[in-house]
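Below is one structure, written out as structure tokens, with a few remarks after it.
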Amino acid sequence: MTTGPRYQGVFPVVPTTFTEAGALDLDSQRRCVDFMIDAGSDGLCILANFSEQFVLSDDEREVLTAAILRHVAGRVPVIVTTTHFGTRVCAERSRRAQEQGAAMVMVMPPYHGATLRVPEAQIVEFYAALSDAIDIPIMIQDAPVSGTVLPAALLARMAREIEQVRYFKIETAGAASKLRELIRLGGDAVEGPWDGEEAITLLPDLQAGATGAMTGGGYPDGIRQVMDAWRAGQHEAAARAYERWLPLINYENRQGGILSAKALMKEGGIIACEAPRHPFPPMQPAVRQGLIETARRLDPLVLRWGK
């Protein structure tokens with residue numbers, strides 16, 4: 001058991017950069033990472049859903065993990081998402097991520113499609129097997145996309161009983177209430193109660209006790225303004241900063257979605273191409289225009305870093 005969180009602050013998700021033809025663009029990928037570190041990220045998360053992990057092959061996951069961790073070179077800690085339905089495959093992915101230098105792995109509960117889920121007992125066994133395979137923390141991603149209900153009592157139980165289960169990214173409806181209950185039930189075993197979902201509920205989640213935020217990758221400098229003020233005990237300043245950045249947070253969360261960070265990075269000259277990989281649809285042009293206009297009013301580093 002630790003005396004305090006090893007990791008806290010702003011850990012945005014790194015988007016995966018492709019060429020127009022759909023190949024990996026590692027030059028843009030490295031520039032993307034450099035920008036995100038320069039913009040104040042306390043750490044990074046790769047291969048998440050906002051990284052379009054669902055269109056990557058296993059070989060590409062290996063290429064990206066190795067390339068990004070090598071390029072980061074210890075400047076900030078990196079969380080590697082290793083989600084897979086199969087316990088053995090997920091454990092192997094997690095072990096490989098640790099060997100390559102991951103600070104933590106993030107894993108959703110086993111799910112497939114709209115209906116394939118596993119009972120609570122198998123969820124516990126799944127995370128216990130992952131814990132046995134590695135020596136770095138596991139973050140459980142509690143998000144609606146999995147379709148799996150993870151009650152606060154179950155999460156707290158796993159924190160108490162499974163050695164490496166220490167961090168929790170809560171993205172469900174009523175996130176602040178769930179964070180409060182998780183912290184109450186789990187106590188010191190809950191090392192990192194974190195906010196997610198592009199920071200759309202960041203302020204109430206901080207009020208509930210969140211110590212980290214995993215957001216989109218386009219404007220870590222803006223999220224840092226909220227987090228830094230809150231961590232300094234300047235709660236009114238944090239609220240004002242949140243109110244200032246909320247229109248852009250809302251635009252990403254409710255309009256631009258997964259492609260928002262790449263659109264901002266392309267607009268700012270950081271990456272060469274913002275296109276998703278087929279069949280994921282491109283951003284609707286009017287939505288993109290609204291995203292960029294909303295960002296320009298805030299003057300984030302993303303629109304200036306590459307120029």
Item to check | Lone qualifier among Arg31, Arg93, Arg88, Arg70 - being of a type in the set (Lys, Arg) and under 18 Å from the mean Cα position of the chain (by Cα) | outcome: Arg93
Next on the checklist: Pairs needed: first member in region 3-28, assigned to a loop (DSSP other than H, G, I, E, B); second member anywhere, surrounded by fewer than 17 Cβ atoms within 10 Å (Cβ to Cβ) and polar (S, T, N, Q); C-beta distance under 9 Å; at least 6 residues apart or different chains.
Outcome noted: Asp25/Thr19
Next on the checklist: Can you say whether Ser146 is in contact with a strand residue (DSSP E or B) (Cβ under 7 Å, 6 or more places away or on another chain) and surrounded by fewer than 24 Cβ atoms within 10 Å (Cβ to Cβ), as far as the supplied structure shows?
Outcome noted: yes
Next on the checklist: Condition first: closer than 19 Å to Leu259 by Cβ, crowded, with 20+ Cβ neighbours inside 10 Å and of a type in the set (Val, Ile, Thr). Now tell me which residues in region 20-67 satisfy that.
Outcome noted: Val33, Ile46
Next on the checklist: When you check Val107 against the structure, is it within 28 Å of Lys266 (Cα to Cα) and aliphatic (A, V, I, L, M), yes or no?
Outcome noted: no
Next on the checklist: If a residue must be part of a helix (DSSP H, G or I) and surrounded by 24 or more Cβ atoms within 10 Å (Cβ to Cβ), how many such residues does region 207-228 contain?
Outcome noted: 5
Checklist entry - Which one of the conditions (1) surrounded by fewer than 23 Cβ atoms within 10 Å (Cβ to Cβ); (2) in contact (Cβ under 8 Å) with a residue 60 or more places away in the chain; (3) basic (Lys, Arg) does Arg157 fail to meet, given that it meets all the rest? => result (2)
Next on the checklist: Condition first: aliphatic (A, V, I, L, M), in contact with a Phe, Trp or Tyr (Cβ under 6 Å, 6 or more places away or on another chain), modelled with pLDDT of 95 or more and part of a strand (DSSP E or B). Can you find one or more residues in region 157-164 that meet it?
Outcome noted: no
Checklist entry - What number of residues in region 29-42 are at negative phi and either β-branched (Val, Ile, Thr) or assigned to a loop (DSSP other than H, G, I, E, B) (or both)? => result 5
Checklist entry - Could you give every pair whose Cβ atoms fall below 6 Å, whose first residue belongs to region 266-285 and is farther than 16 Å from Ala21 by Cβ, and whose second residue is modelled with pLDDT of 95 or more and basic (Lys, Arg), counting only separations of at least 6 or pairs across chains? => result Ile270/Arg31
Next on the checklist: Among the residues that make up region 55-72, is at least one of them in a helix (DSSP H, G or I) and within 22 Å of Pro144 (Cβ to Cβ)?
Outcome noted: yes
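Each row is one residue, and each column tells you yes or no for (1) assigned to a loop (DSSP other than H, G, I, E, B); (2) more than 21 Å from Asn49 (Cβ to Cβ); (3) in contact with a Phe, Trp or Tyr (Cβ under 8 Å, 6 or more places away or on another chain).
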{"residue": "Thr83", "(1), (2), (3)": "yes, no, no"}
{"residue": "Ala91", "(1), (2), (3)": "no, no, no"}
{"residue": "Arg95", "(1), (2), (3)": "no, yes, no"}
{"residue": "Glu99", "(1), (2), (3)": "no, yes, no"}
{"residue": "Ala102", "(1), (2), (3)": "yes, no, no"}
Checklist entry - Tell me, which residue of region 229-245 that is over 21 Å from Met265 (Cβ atoms) and among the hydrophobic types (A, V, I, L, M, F, W, C) is surrounded by the fewest Cβ atoms within 10 Å (Cβ to Cβ)? => result Ala232
Checklist entry - Here are some residues: Ile123, Ile140, Ile136. Which one is in a strand (DSSP E or B) and over 21 Å from Glu52 (Cβ atoms)? => result Ile140
Item to check | Answer from Gly269, Gly233 - the residue that is modelled with pLDDT of 95 or more, farther than 22 Å from Asp195 by Cβ and outside any helix (DSSP H, G or I) | outcome: Gly269
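The values are calculated or read from the model by the stated rules, or taken from the named source; none is laboratory data. What you see is a predicted model; the values in this text were computed from it and never measured. Note: ideal-geometry Cβ built from the backbone for every residue, glycine included; neighbour counts use all protein chains shown.
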